[in-house]
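Report on the following structure.
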Amino acid sequence: MHKKVVSVIGGHSCKKEVEQIAQNLGKKLAKVVGILITGGLSGTMEAVCSGFKAGGGLTIGIIASYDKSEANPYVDIVIPTGLGLARNVLVVKSADVVVALPGEAGTLSEIAYCLQFGIPVISVDSWDIPGVIKVETVAQAIKKVKELLKGVTDESNPDARRRQKLFWRGAK
């Protein structure tokens, strides 16, 4: 069985309030999963990596350039792709669940990839789009992550993956 992986997406620049939310999310996620993936740069990505490392987790940054030095200082493993924004596909496809924080077009593209690939995406004060699980708080996001990861890793039930997809799409 593979290790549980969560990606967090959001803006490369963010307000202080979003930075605090991201750090808090990172700390709490580290108690749920051992691996966090982000785009590896500044802003939301740096803040969530900071919190995740403080919680004892391993961070992976899939960066747009070939230059590893562009990764934020809280990234443990840097994957330099040279793909530019196309690396957004890798950020979301590497995850079992994605959490979206406020961001702009790059974040929107990652959400769209999640929806196209059937990867559950939870929005904390980010884009409000049909198919995205909207929550108000970090605590609610963590609860949803746990529920969704249980569906991903429950190998004793062959319908778990199907139920997980129905759940994130809003079906009962």
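Where a number appears in this text, it was derived from the coordinates with a stated rule and is not lab data. Quantities reported herein were computed from a predicted structural model and do not represent experimental measurements. Cβ: placed from backbone, ideal geometry, glycine included. Neighbour counts: every protein chain shown.
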Exercise for the section: Take every Cα pair under 8 Å in the stretch 5-168 that's 6+ residues apart, average their separations, divide by the length, and report that relative contact order as a whole percent. Expected result: 21 percent
Completion exercise
Computed, not fitted: 222 nm per-residue ellipticity of the chain from DSSP H runs ≥ 4 (each -39500 (n - 2.57)), nearest 500, equal to -12500 deg cm²/dmol
Exercise for the section: Using a/c under 1.5 as the rounded threshold, could you call the stretch 1-81 rounded, prolate or oblate? The axes a ≥ b ≥ c are square roots of the C-alpha gyration tensor eigenvalues, and prolate needs a/b larger than b/c, oblate otherwise. Expected result: oblate
Problem - Alpha-carbon Rg/Rh ratio, for the stretch 64-157, with Rh computed the Kirkwood way - result: 1.00
Exercise for the section: Under 1.5 on a/c is rounded, so check that first for the stretch 53-115, then, if it is not, pick prolate when a/b is larger than b/c and oblate when it is not; a ≥ b ≥ c are the square roots of the alpha carbon gyration tensor eigenvalues. Expected result: oblate
Practice task
Report which label in (i) 115; (ii) 102; (iii) 124 holds the value of volume of the Cα convex hull per residue in Å³ derived from the coordinates of this structure.
Solution key: (ii)
Handout entry: Electrostatic dipole magnitude of the chain [Cβ: Lys, Arg +1; Asp, Glu -1; Cα centre; debye, to 20]
Key = 640 debye
Handout entry: Positive-end extreme of charge dipole, the chain - chosen from GLY34, ASN88, GLY51 (charges on Cβ)
Key = GLY34
Exercise for the section: Report the longest stretch of the chain that contains none of the GluC sites (Glu not before Pro) sitting in a DSSP loop with at most 10 other Cβ atoms within 10 Å. Expected result: 1-135
Exercise for the section: When a/c is below 1.5 the answer is rounded, else prolate if a/b is larger than b/c, else oblate, so apply that to the stretch 11-53 with a ≥ b ≥ c taken from the square roots of the Cα gyration tensor eigenvalues. Expected result: oblate
